[in-house]
Structure formats: C-alpha cells, structure tokens
Amino acid sequence: MPTQADAVVVGGGLAGLAAAHRLTELGVAPLLLESRGQCGGLVFGAPVGGVTVDLGAESFARRSTACAELAEQLGLEVVTPGGESWIWGTDAAGERGRAFRIPHGVLSIPTDLDDPQVAEALSPEGLARARDDLTMGPEPGADAPDLATLVETRLGREVLDRLVDPVAGGVHSVHPSRLAVDVVSPGLHEALAEEGSLVRAAASLRAKAPAGPLVASTAGGLFRLVDALVGAIGDGGGTVATRRVVTSIEKVDDGWFVTHHTAGRAPDPADPPVPTGNPEQVHTPTLVIALDGRAALDLLRPLEPLAIGDWELPRGADLAQVCIALVKPELDAAPRGSGLLVTPGAPEVTAKALTHYSIKWPTTVDGTNRHVLRVSYGRAGQPTPRPSLEDALADAATLLGVELSVDDVVGHMVIGFPNSLPPQTPEHRERVGALTAAAAELDGFEITGAWYAGTGLAAVVPHGRAVAEKLVVKHDDDDAP
Ligand SMILES: Cc1cc2nc3c(=O)[nH]c(=O)nc-3n(C[C@H](O)[C@H](O)[C@H](O)COP(=O)(O)OP(=O)(O)OC[C@H]3O[C@@H](n4cnc5c(N)ncnc54)[C@H](O)[C@@H]3O)c2cc1C
C-alpha cells in the first residue's frame, strides 16, 4: 500500500533542502528522500587532523542575499573570508611561475583599468588593448553568448587568458568559452548595454552587490547550514529520510507515485548508492525533483510530456582535492592570502587551485594551532587526476613560497569528484528553457538543482525556495472556490 505525503522532495542537496524547508514555512509537511547516508550533496564536512572542515562547497556568492538570509534565520552566523585572492600565472619570459593578486572585479573582469593590480597582471600592450573597451561603445560583444567571446571582444586576449580564465575556469572547471554569460554572471550583458563598456559594467554590478567580499559562509563551516536545514525541516513537521534511492516517478490523475528503495553500497564506493530490497511507494499531490543533473534526467526521461529523449548532460570535469591539516607557524603570515587560482598551463605546479582554508575561514580552526590547505586538481577534458599527499604538498610549497614536508602534516584526506560541475553552456541553457516550459504543463510538479538553476548555492538556494512557493501558490489557486 502506498503511503501518503503532502509533498515529496527527491534529493537532499542544498536545492532539495531549501525547497523542503520553504515548504514547511508555507505550512506543507514534505517527505524528503535522499539516497546517501547524510543530506547536503556537494556541501559536506568531515574531520581532518582534528578539525572539522568543508570538503565540498565552502562558501556562497553574495550577489544574492538568499543564502545569508536563510543562514541567519536558522540562527547561524554569516562570516566573510579573510585574506586576498591570488592568481598563479607565468612570468614575462614565459618560463617561471609567478603569483599576483586578483584585481577588484567580476569573475576577474577588472572594474578599474588604472588599478595597479591590473598593470601587475597584464603586459603594457595587453593593458593598452584592454583600454579599447572604454571607447568602443556598447555593440561589440553585446550578443556574445559565452564569457570568453565577450571578454576577448571587449578587453582582448590577455585579460581572457591571464585574469578571467584562471578565475572563471577555476570556479567552474571549464574554459570560459563553455560558460553562458547570463548564467555565470547574471546582469552583465544588461550592464554592458547601459554602460557602453565591460569594465564599467563590472563596476556597476559590483556597486549593486553588497559591499565587501563576493562570497560568505557560515561560522564554523558551511556544512553547518546542512545540519541546520535538516533540523528546521523536522521542526516544521517535515520528514527527512536518508538512504532512500528514488527509482521512478509516475503521474496519476490526483498527483504522483514515487517509488523508492533502501540504498545499498555501489561496488565502487565513489559511485552513487544503488537500490536494494523491496520497493516502497508514496503518493503525493506535490513533487519536487532536486537531484544532480544525471540522476534527474534518468528519472525524468520516461515522462513523455517532458520530451527528454536522448538528452545527456555535457560531461563535467573529473576533480580531486587533497585537504591537508598542518602545524606550521610559517603559514601564520598567510603568504598568499586566502589562496590562489592557477592559470591553465602555468609552470611548476599541476594543481588548479589552492585554498588556504584556515586563513579564509578562521572560525573553522578557532582555538587550535592548525592550518588547513585545500589543493584542487582537474579540469574539463583532462584525465582523471589522482594526486597524492606528496604531490599536493609540493604544489602547495611552490604556490605559497613556504617549504612544507610530511612531518608538518597532522592529517589529510583525498576526495574525488568524478564528472562534476557539468558546464552551463548556452546550448544546455536552451534545453533547460524548453524543459521548463514542458514541466509547467504538469500539475504539482517542479524541478530544481544546480544543473537546472545554475551552478552554485547563490543560484540553487533561491531557486529551491522559489519552486516551493510556486507549488504552494498553484495548489492554493486550484483550491480556490
Ligand atoms: C568540489 C566542489 C566545490 C564547490 N564549491 C562551491 C562553493 O564554494 N560555492 C558554491 O556556491 N558552489 C560550489 N560548488 C557547487 C555547489 O556545490 C553545487 O552547485 C550545489 O551544492 C548543488 O546542489 P544540488 O542540491 O543542486 O545538487 P547536489 O548537491 O548534487 O545534491 C543532489 C542530491 O541528490 C541525491 N540523489 C541523487 N540521486 C538520487 C536518487 N535517485 N534518490 C534520492 N536522492 C538522490 C544526491 O545524493 C545528492 O545529495 C562546488 C562544487 C564542487 C564539485
């Protein structure tokens, strides 16, 4: 016999948690089904060398206030990062690596070409070319769908290669030519039309953003947001069921049947859990699909009105991260601030980024003598990285300019993120647009998640909350006399 739920949310990453939490606020008690043993998806923490640290996402962009407001509402303190960010690039001779600070900007598009940090990043010729942007009028690049075309058209190749590629590519793990401008920097095109210059457009977006750093987190680690959300959903009358794999959904006249199984370990522990045991069914008038993209498409494919067909997500990058806890007083001086993004092909290191996590988020190591470094590897289209502790220490020593050895290490963890962050290409966004139109025809049904809403918590959290609101409003309208 199927059980009954007022609403079902499939997937307990931040999108699903945000949707389920908003449903409880609106007086609907959801059942959230999550296949892993814990919620949070790509937001999770674990102890490394005696301190509990974020191992997946660690911050949210402040361009939307949704994450900070939610965190504060849940009683968490919102903190901004310590230390400046740097880029690891190539010296003028093209032989050695060199570190320079990231100029003030949007995805490293500078907001002021007279900023000395821009001159430090570019050659005199590169800077002169960038200045063309100030006088070329709004048309060039106005229709550029991808970030690389926009930046190269307006500011020239050097700004693209030396500033935007390491930052945008570091955050999204693909070249900016595969990033839709409107998704990775909403409002930039519109600001270009108004300001007639990409530099002034970046400045106007920064002026509209909250003052201070572009990102924030919750004191003690972002993973605390997950625990707080799970607690609040329970307090609001909802149920969070972990180790439940959803295997199918079916539309019926009065709602949806959702079939789920106990989750078992996949033969390769890096793979998602697999269904085991007898199926269970729940009937609900209101369904939210909040899965990662591949799982979502597999579940949605049989729903004919959605016309998913043979749509597969663009392949993401195979990423790996070495998280290292050390006792090393020489790191107290924060030699590279909160960390560095590495320009693709830059010499002397194979890492793509280093975060000096304990400098960036000092509340995570309060009262200890620990330093925590997160050294990241892997870019789209490259072989799966398999870094060792020794590889990561060697890269960290080069990037930070401090000698490091295994004797300094008090704990470490290597984590793989296979096929992660499917790129938000313009084609992908088009398909999502068509899917949104088709899904709007299905009663009591919404889709959310990073693949659908845009990568990053600043996109995912407000979208999850918004779909919950839409469902409740629709439901109330349907019930109106
Ligand atoms: C290494 C890394 C670092 C990142 N850092 C940042 C950062 O600092 N800031 C930022 O804003 N973004 C960051 N991101 C991106 C951000 O983490 C994601 O955009 C966001 O967390 C995605 O949330 P989601 O809920 O859409 O998906 P997910 O977190 O992937 O959640 C989907 C959930 O669905 C569950 N699931 C899958 N299949 C089933 C099934 N059949 N039945 C039930 N449950 C199922 C999964 O177990 C998972 O919990 C990072 C991403 C990576 C990979």
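Quick one: which residue in His463, His428, His412 is outside the structural domain of Asp165 (by TED's automatic domain parsing) and either part of a strand (DSSP E or B) or among the hydroxyl-bearing types (Ser, Thr, Tyr) (or both)?
On the way: His463 fails: either part of a strand (DSSP E or B) or among the hydroxyl-bearing types (Ser, Thr, Tyr) (or both); His428 fails: either part of a strand (DSSP E or B) or among the hydroxyl-bearing types (Ser, Thr, Tyr) (or both).
Criteria check complete, one pass: His412.
It is to be established whether one or more residues within the stretch 271-288 are modelled with pLDDT under 95, within 13 Å of the ligand (Cβ to nearest atom), in a strand (DSSP E or B) and among the charged types (D, E, K, R). No - not one qualifying residue is present in the stretch 271-288.
The one condition from (1) part of a loop (DSSP other than H, G, I, E, B); (2) within 15 Å of the ligand (Cβ to nearest atom); (3) of a type outside the set (S, T, N, Q) that Met1 does not meet is (2). Within the stretch 445-469, the set of residues being more than 11 Å from the ligand (Cβ to nearest atom) and β-branched (Val, Ile, Thr) comprises just one member, Val467. Number of residues in the stretch 231-253 that are away from the ligand (no atom under 11 Å from the Cβ), touching a His at 6+ places or on another chain (Cβ under 9 Å) and aliphatic (A, V, I, L, M) equals 3. Filter the stretch 290-310 down to the residues that are exposed (fewer than 15 other Cβ atoms within 10 Å of the Cβ) and closer than 30 Å to Val240 by Cβ, then identify the one that is farthest from the ligand (Cβ to nearest atom). The qualifying residue farthest from the ligand (Cβ to nearest atom) is Pro305.
When you check Val10 against the structure, is it within 16 Å of the ligand (Cβ to nearest atom), farther than 27 Å from Ala130 by Cα and not assigned by TED's automatic domain parsing to the domain that holds Gly255, yes or no?
Details: within 16 Å of the ligand (Cβ to nearest atom): yes; farther than 27 Å from Ala130 by Cα: yes; not assigned by TED's automatic domain parsing to the domain that holds Gly255: no.
The answer is no for Val10.
If I ask for residues that are under 19 Å from the mean Cα position of the chain (by Cα) and closer than 13 Å to Leu442 by Cβ, which ones from the stretch 289-316 would you list? Hit for the stretch 289-316 is Ile289, nothing else. Taken together, Glu77, Glu72 contain a single residue that is without any contact (Cβ under 8 Å) to a residue 60 or more places away in the chain, surrounded by fewer than 21 Cβ atoms within 10 Å (Cβ to Cβ) and within 14 Å of Leu222 (Cα to Cα), which is Glu72. Give the residues of the stretch 1-30 that are of a type in the set (Ser, Thr, Tyr) and under 22 Å from Leu222 (Cβ atoms), sorted by residue number. Residue satisfying the conditions is Thr24 alone. Would you be able to say whether some residue in the stretch 42-53 is within 26 Å of Trp451 (Cα to Cα) and surrounded by 24 or more Cβ atoms within 10 Å (Cβ to Cβ)? The answer is yes, given that some residue of the stretch 42-53 is within 26 Å of Trp451 (Cα to Cα) and surrounded by 24 or more Cβ atoms within 10 Å (Cβ to Cβ).
Residues that are more than 8 Å from the ligand (Cβ to nearest atom) and within 20 Å of the chain's Cα centre (by Cα) were ranked within the stretch 31-51; the one that is nearest to Asp407 (Cα to Cα) is Ala46.
Of everything in the stretch 170-193 that is touching a residue at least 40 places away in the same chain (Cβ under 8 Å) and over 30 Å from Pro418 (Cβ atoms), the residue that is nearest to the chain's Cα centre (by Cα) is Leu188. The lone criterion from (1) surrounded by 18 or more Cβ atoms within 10 Å (Cβ to Cβ); (2) more than 23 Å from Phe44 (Cα to Cα) left unmet by Ala351 is number (2).
For the stretch 23-37, the criterion of being over 30 Å from Val410 (Cβ atoms), of a type in the set (Ser, Thr, Tyr) and not in a loop (DSSP other than H, G, I, E, B) is met by at least one residue.
Among the residues making up the stretch 254-270, those that are free of Cβ contacts under 8 Å to residues at least 60 places away in the same chain and either assigned to a strand (DSSP E or B) or away from the ligand (no atom under 14 Å from the Cβ) (or both) are Asp254, Thr259, His261, Thr262, Gly264, Pro267, Asp268.
A Cβ distance below 8 Å, combined with a sequence gap of six or more or placement on separate chains, defines the contacts here; from the stretch 447-462, residues that are among the polar types (S, T, N, Q) reach residues that are near the ligand (Cβ under 8 Å from one of its atoms) and not in a helix (DSSP H, G or I) in the pairs Thr448/Ala290; Thr455/Leu421. Evaluating Val79 against the criteria (1) over 27 Å from Val472 (Cα atoms); (2) within 11 Å of the ligand (Cβ to nearest atom) leaves one unmet condition, (2).
The values are calculated or read from the model by the stated rules, or taken from the named source; none is laboratory data. It should be emphasised that the depicted structure is a prediction, and the values quoted were computed from it without experimental measurement. Every residue, glycine among them, receives a Cβ derived from its backbone with ideal geometry; neighbour counts consider all protein chains shown.
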